[in-house]
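Data first, discussion second: the structure below is written as structure tokens.
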Amino acid sequence: TGYVNKYPQPVSLRRPVGCFLRARISLIMQNDTKLVVIKSIHTLIWLFFNAVLFYMAYAVIVNQVDYRVWLGIGCIVLEWIVLLFFNWQCPLTIAARNYSASPKENFDIYLPNWLAKYNKEIYVTFFVLIVLGLIFRLLNK
């Protein structure tokens, strides 16, 4: 009734390697485990950016502006580029949505719900204050 290929291609040629690995991981990890891994990674990245922001604030307050402040600004700008590319959503949030139907704001990260909800507003305000302080320091050298 139909054509049957007597010479099938190897698995690696039929589908991309990423699909193969994803399928293997899917067999090994349950959805709850995947969500825990995503939430853990997301929380660690959030902690990293907190450290960056608080170092930048400290450096501006004590007038110790050095290359690390500029590196921190670069990290924040890189994060914004990633968010812009993903329509102002973290890619980990998008990935976590595959494993949770929770309506809570903190379904994808280990933060209190209120902080997860207002995270962008809080940290954008904090970053703007840091940049304003940095501009003040640079103009008054």
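Quick notes on this one:
- Matching residues in the range 88-113 - criterion: being closer than 20 Å to Ile73 by Cα and touching a residue at least 40 places away in the same chain (Cβ under 8 Å): Cys90
- Taken over the range 38-54, the criterion of being without any contact (Cβ under 8 Å) to a residue 24 or more places away in the chain and either open to solvent by less than 50 Å² (accessible area, probe 1.4 Å) or not aromatic (Phe, Trp, Tyr) (or both) is satisfied by Leu44, Leu47, Asn50, Ala51.
- Residues in the range 77-118 that are of a type outside the set (A, V, I, L, M, F, W, C), part of a helix (DSSP H, G or I) and touching a Leu at 6+ places or on another chain (Cβ under 7 Å): there are none.
A quick yes/no check of all residues on (1) surrounded by 16 or more Cβ atoms within 10 Å (Cβ to Cβ); (2) at pLDDT 95 or above; (3) out of contact with any Pro (no Cβ under 9 Å at 6 or more places or on another chain):
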site: Met56; (1), (2), (3): yes, yes, yes
site: Ala59; (1), (2), (3): yes, yes, yes
site: Arg68; (1), (2), (3): no, yes, yes
site: Gly74; (1), (2), (3): no, yes, yes
site: Ala96; (1), (2), (3): yes, no, yes
site: Pro103; (1), (2), (3): no, no, yes
site: Asn106; (1), (2), (3): yes, no, no
site: Val128; (1), (2), (3): no, yes, yes
site: Val131; (1), (2), (3): no, yes, yes
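- Considering (1) open to solvent by less than 90 Å² (accessible area, probe 1.4 Å); (2) under 17 Å from Asn50 (Cβ atoms); (3) in contact (Cβ under 8 Å) with a residue 60 or more places away in the chain, the lone condition that Ala116 does not fulfil carries the number (3).
The values are calculated or read from the model by the stated rules, or taken from the named source; none is laboratory data. Everything numeric in this text was worked out from a predicted model, so none of it was measured. Because the Cβ atoms are built from the backbone with ideal geometry, glycine has one as well, and the counts that use them run over all protein chains shown. For the accessible areas, the whole protein counts, side chains as well, though only heavy atoms, and no ligand, DNA or RNA atoms are used. Shrake-Rupley method; radii C 1.70, N 1.55, O 1.52, S 1.80 Å.
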